1. Could you give me the ³J(HN,Hα) list for segment 69-76, computed from phi with Karplus coefficients 6.51, -1.76, 1.60 and θ = phi - 60°, whole Hz, x at Gly and Pro?
2. Rounded to whole Hz and in sequence order, give me ³J(HN,Hα) for segment 52-57 from the Karplus expression 6.51 cos²θ - 1.76 cosθ + 1.60, θ = phi - 60°, writing x for Gly and Pro.
3. Connecting C-alpha atoms closer than 10 Å in a GNM of the chain, tell me which of A71, A21, A61 has the biggest fluctuation.
4. Quick one: plug the Kirkwood hydrodynamic radius of segment 3-114 (C-alpha pairs) into Stokes-Einstein at 4 °C, 1.567 mPa s, and report D in µm²/s.
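Throughout, read-outs are computed from the coordinates displayed, never taken from laboratory work. Values in this document were obtained by computation on a predicted structure and should not be read as measured data.
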Amino acid sequence: MHVALFPNLLSRVRPVFEIVAVARTHFGRLPLAVASCGDQLIVEMTLERVGIRTLFDHVVAIGTVCRGKPAPDLFLAASERLGVAPETCHVYEDSDEGLEAASRAGMSALDVREVPGLTR
């Protein structure tokens, strides 16, 4: 999606409540990051729109690494910025490529598409 078009669509963005709850639960207890294949500005705007940007210590977007998912680069960059070992990270992911990237990074992962009652 072209970044210039996104502000017009921002009002349609809805939170995934169960994932927001996970972020709120761990905020201040564990370091948190978002690792996304999206454009940095769009990811930041989306997090702001749903009111959770401040819960995350870092946002790592595709422009900061050479390879996107399924390469592990985004997740490894996030763990490096957080100052934690990859094997101690847990990923909440909504794509097959992201699940593969988490595995390649040595991180555990939960496929949020399989969470019962997930509200999108």
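1. So the Karplus estimates, Gly and Pro as x, are 4, x, 5, x, 3, 4, 5, 5 Hz.
2. Each residue of segment 52-57 in turn: 10, 4, 5, 6, 9, 6 Hz.
3. Ranking A71, A21, A61 by mean-square fluctuation puts A21 first.
4. The estimated diffusion coefficient comes to 90 µm²/s.
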